[in-house]
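All remarks here apply to the structure that follows.
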Amino acid sequence: MPNRLRPFIGPVLILVLWEIAGRFGLVASGALPAPSAILVRLVVDWSDYPGHVLATLFGASVGFLIGNAVAIAAGVLFALSPLSARVARGLNVALFALPPIAISPILVLTFSDPVPRIVLAAIGCYFVTMTATLVGLTQADARSVDVVRAYGGGRLKALWLVQARSALPVILSGLRIAAPNAVLGSILAEFGGGGRWGLGVYLLGSLGRGEPDRLWGIGLMATLIAGLAYLAFVLLARAITGSSQAVTVPTAVLRSTDRPRPAWQHGLIIVASIGLPLGLWWALLALLRVPAMLAKTPPALYDYLFGLPGSAATQAKLVAALLQTLPMTLIGMGAGLAMAFALALGTQLVPRLIRALLPIALVTQTMPLVALTPLLVLLVGRGPAVILWITVSVTFFPAFVTMAQGLLLVPRAALEVPRAYGATVWQQMRLVSVPASLPYLFAATRLTAPRALLGVMIAEWLATGTGLGNLLNQSRGYLDYGMIWAVAVVSVLVAVAFYQGVVLVERRVLGRLGMAVAE
């Protein structure tokens, strides 16, 4: 078979098997319709889609532009001033770890449509583009920068002539990931009750109708939009840089280029890093003049949790929900990472395996979680199994791609030494490949931790009626604004704790192996 046709074998085979299973009702008694039936339903419902698609695209597009503009400006600032990067670390990690579903009800209750869509889309874009910009600018060729300065160019001149051009491929790689994130953010705002139009609204309105083909059609439409957004930046990268291949963003924690400081200054920076998100939270509520009944400042939230007569019951309810969410998040994330690691090792034995799996990885990366959840509910029901399926599905393929990338980047010269001594393939991987790719393993863990928590909370909201996701949904129905804010803050703290825990383990493990770990 010609090489150009081989990438299509896997997708075609999957479609054929899917058609057979759907036609004969072999999966969950018809909960998996045949692709032909989904296509027919899309044609029947086509008149419903333009208004919903345009509403989702508007929020995603505006949020994408705003979020990436802020992200690129922040990346430039952090590259020019390492001190500002250290001060903003707490805010950056909080935005990265923030489960959008946690603040969706707050935005919907506080602002009118389409502001919630735009805000969540912008937040979804910020961290990945900011990181790509910072990495690209700081890893430019130092010799070229020295040449510019030797001819009298200042810091800004070097930034424009050398660093910006060097960073462009990395920024474009960040934008291709940010584009599907913007679509997800817009749909999550609709999912939280924002507006009358949007694919999220259409999805929620179709849940109780017992029409799997319609749900699959909406989910695939959302995936198609996100996938086209990804493809647009692949083509843009090809037009600008001549290559459509994604540039690998270094995944070890970046080393700060800030000069060494005394312990007291380091302590002040840590305090400022923690205080910046809290101060920004307080300042935004004051500037926007949000009514006190809806908005909870840090002191008001503290009073709600600890100073009111019913605070003990509130705490008990919050802790009970948290204890339901945490185990499922850890189990699902652990299972997803273990499967990803095993399959990544498999690609070393069968290199063609990664080519076969990349199309599936792309689909799962671009499919919005809120579109995936109802489809899995149809297949596996509303019990704990759906939470595990969702958590594994949202963590498995991104982690697999990251780990496989790390294994592929191991220098061949490093593998020649054990091979010369007669080591088997498994021994080569154990002694060289796995230790050398550990930074990518930790990067995959940091990447998937917030996604795992988000997946669990969406499943709890839609399917199981347990945990933080269900408590958030109930609180919205009861207009218990204090609990909504409490769940939002707790979910962010949990996600940040996951992230920081992985960073601490990473430093210790890589330090023992003698690797240079950067922050």
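Relative contact order of the stretch 394-469, please, whole-number percent, based on alpha carbon pairs below 8 angstrom and at least 6 residues apart. In percent, rounded to a whole number, it is 41.
Placing unit charges on each Cβ (+1 for Lys and Arg, -1 for Asp and Glu) gives the chain a dipole about its Cα centre, and among VAL170, GLY198, MET333 the Cα reaching farthest toward its positive end belongs to VAL170. According to the Cα-based calculation, Rg over Rh for the stretch 52-119 is 1.06, with Rh computed by the Kirkwood formula. Translational diffusion of the chain, estimated by Stokes-Einstein from the Kirkwood radius over alpha carbon pairs at 20 °C in a medium of 1.002 mPa s, is 87 µm² per second.
Quick check on packing: order 217-224, 418-425, 442-449 by the mean number of other C-beta atoms within 10 Å, highest mean leading.
Details: 217-224: 22.2, 418-425: 12.1, 442-449: 24.1.
Taking the mean over residues of other Cβ atoms within 10 Å, the ranking is 442-449, 217-224, 418-425.
Below 8 Å, C-alpha to C-alpha, sequence gap of six or more: please give me the relative contact order for the stretch 57-153 in percent. Relative contact order comes out at 50 percent. Spatially, the stretch 293-334 and the stretch 41-74 are offset by 33 Å when compared through their Cα centroids.
Using the Karplus relation 6.51 cos²θ - 1.76 cosθ + 1.60 with θ = phi - 60°, the per-residue 3J(HN,Hα) values for the stretch 486-497 come to 5, 5, 4, 5, 4, 5, 5, 4, 5, 5, 5, 4 Hz, with x marking Gly and Pro. Pair-distance distribution of the stretch 436-519: all C-alpha pairs, bin width 10 Å, starting at 0; shares per bin in whole percent are 17, 37, 23, 16, 7, 1.
Relative contact order for the chain: 19 percent, from Cα pairs under 8 Å spaced at least 6 residues apart, divided by residue count. Using a simple spin-label model with pseudo-atoms 7 Å out from Cα toward Cβ, VAL509 and ALA413 lie 2.7 nm apart.
Scaled against the 2.2 N^0.38 Å expected of a compact globular protein of N residues, the Cα radius of gyration of the stretch 61-175 reads 1.24. Out of every Cα-Cα pair that the stretch 378-487 contains, those further apart than 20 angstrom amount to 58 percent. Dipole size of the chain about its Cα centre, with +1 on Lys/Arg Cβ and -1 on Asp/Glu Cβ: approximately 1220 debye, rounded to the nearest 20. The calculated 222 nm mean residue ellipticity attributable to helices in the chain amounts to -25500 deg cm²/dmol, summing -39500 (n - 2.57) over DSSP H runs of n ≥ 4 and dividing by all residues.
Every number here is computed from the coordinates shown, using simple stated rules; none is lab data. In this text the structure is predicted, and so the values were computed from the model without any measurement. All Cβ positions, even for glycine, are placed from backbone atoms using ideal geometry, and neighbour counts span all protein chains on display.
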